[in-house]
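The values are calculated or read from the model by the stated rules, or taken from the named source; none is laboratory data. None of these values were measured; they are calculated from a predicted model. Cβ coordinates were reconstructed from backbone atoms using ideal geometry, including for glycine residues, and neighbour counts include every protein chain displayed. Side chains included, ligands, DNA and RNA excluded: accessible areas come from the protein's heavy atoms. Shrake-Rupley method; radii C 1.70, N 1.55, O 1.52, S 1.80 Å.
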Amino acid sequence: IRESATLTRDVLEQHFNDLKGTLKKLLDERLMSLLQEVDVIEQESIKPLDECQKLIEHGVSTANDLLREGESAVHGDVGQQNEKLCSFTKKALHIQLDSLPEVPSLVDVPCLSAQLDDCLLTILKNQIFTHGTVASRPPVQLEEFVEKPGGILVRWCKVDDDFIPQDYRLQYRKSTASHFEDVYVGSETEFIVLHIDPHVDYQFRVCARGDGRQEWSPWSVPQIGHTTLVPHEWTTGLEGYSLSSRRNIALRNDSQSCGVLYSKAPTYFCGQTLTFRQVLSGRLIETVGQPDRRDSLGVCVEQQNGYDSLQRDKAVCISTNGAVFVNGKEMTNQLPAVTSGSTVTFDMEVVQLGPSSNEAGNFKLRVTISSNNREVVFDWVLDQCCVSLYFGCSFSYPGWKVLVF
């Protein structure tokens, strides 16, 4: 409680400090804009009045000069009076002392004033007093972490019955990192987070967005998850396949070489789910190549070179046409064809038959293969105890791209 309360105080103080800084900046910008508007109106309106004033002052100055010259002519010597009066008369005839420049009427002269009211303060006051809330219980909480090879399946649930979620938002970070990262946004209540380093703690948190709302709910209580399972990797060096940097994606390239691409090690254990899927779109196949009956995706007891398919002994697989093979024999049950958008999963568990279950020829694994919302279930009989298996794939034509986890 103390930790979340301290974090909430810090978030509130930072948010409102940011708001104050932003509001001050916006108010300063608005003030500057209004002052500039006053300057423009003043300059444009005062110019004709200044010109009119200059003309009037010039006319008055000219009239004063002429008046002084007339007085000098009247009070001067008699001999010079005629000459001065003649000059005075000529100037007086050329100066129009009875005309004035056009002066703007009073209604045309601007009178600036600032129009301000208190409605902004009222609006801001109402908005500020309702801005922000403090929630003591988020409407969604993390529920379960399931270890996956190189990943963690994170599940969450809604804990507020009155809350109607539209989307969920899952974030995570390494325990040594300072910032959370978005890893999933959508309507599902679980997500497999990949690229997780084994034996490293990660923090997770989730929030939700209510139906028809834009804002997100408060974050759930952060919880720590980790995996002890090493990630699945394809083996390197097979000429017909190109691998991603993490070696969990295999692309059938244009090479004429063919064969089965196996996993680096027997990292698939009974009781787990093995999934083949495309990285970005959640699909098995990103670019679909031409199908072939020998194509296969599946698991096997051991690596056996020299084969061009997993349709052999000590292996179970599905072909791209949906046929299921067990120890090289095709089953009568068939799944949908593997196309763009398909996801294929393998689930296995040991069938306990009593004390002799591990004897030769009597060891069974119950296998469930799912594809496109359909599944087949069968018992796989082996001549040896085997709880960890290799996985593999084989494609005859280029263009197939497979992620495994």
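Counting only protein heavy atoms and using a 1.4 Å probe, what share of the accessible area of the chain belongs to carbon plus sulfur, as a whole percent? Solvent-exposed carbon and sulfur of the chain make up 52 percent of the total. Straight-line cross-link reach from LYS329 at under 20 Å between alpha-carbon atoms covers these aspartates and glutamates, not counting any fewer than eight positions away in the same chain: ASP292, ASP295, GLU302, ASP308, ASP313, ASP347, GLU375, ASP379, ASP383.
Under the shape rule built on the C-alpha gyration tensor, where the axes satisfy a ≥ b ≥ c, the stretch 140-225 is prolate, since a/c reaches at least 1.5 and a/b is greater than b/c. Straight-line reach from LYS47: taking Cα to Cα under 14 Å and skipping same-chain neighbours fewer than 8 places apart, the aspartates and glutamates in range are ASP39, GLU102, ASP108.
Positive contributions from Lys and Arg (+1) and negative ones from Asp and Glu (-1), summed over other residues with Cβ under 11 Å from the Cβ of LEU170, come out at -2. Which of the pairs LYS148/LYS174; LYS54/LYS84; LYS364/LYS401; LYS148/LYS264 have their Cα atoms more than 20 Å apart in this structure? Pairs exceeding 20 Å: LYS54/LYS84; LYS364/LYS401. Reducing the stretch 56-76 and the stretch 184-249 to their Cα centroids gives an inter-centroid distance of 99 Å. A Cα-only calculation for the chain places Rg and Dmax at 44.1, 159 Å. Once Rg and the Kirkwood radius are both taken over the C-alpha atoms of the stretch 117-171, their ratio Rg/Rh works out to 1.29.
What FRET efficiency would be calculated for the residue pair ILE41, LEU67, taking the C-beta separation as r and a Förster radius of 35 Å, to the nearest 0.05? Computed FRET efficiency for ILE41 and LEU67: 0.35.
Straight-distance candidates among the lysines for linking to LYS125, with alpha-carbon spacing under 30 Å and chain neighbours fewer than 8 residues away dropped: LYS20, LYS24, LYS25.
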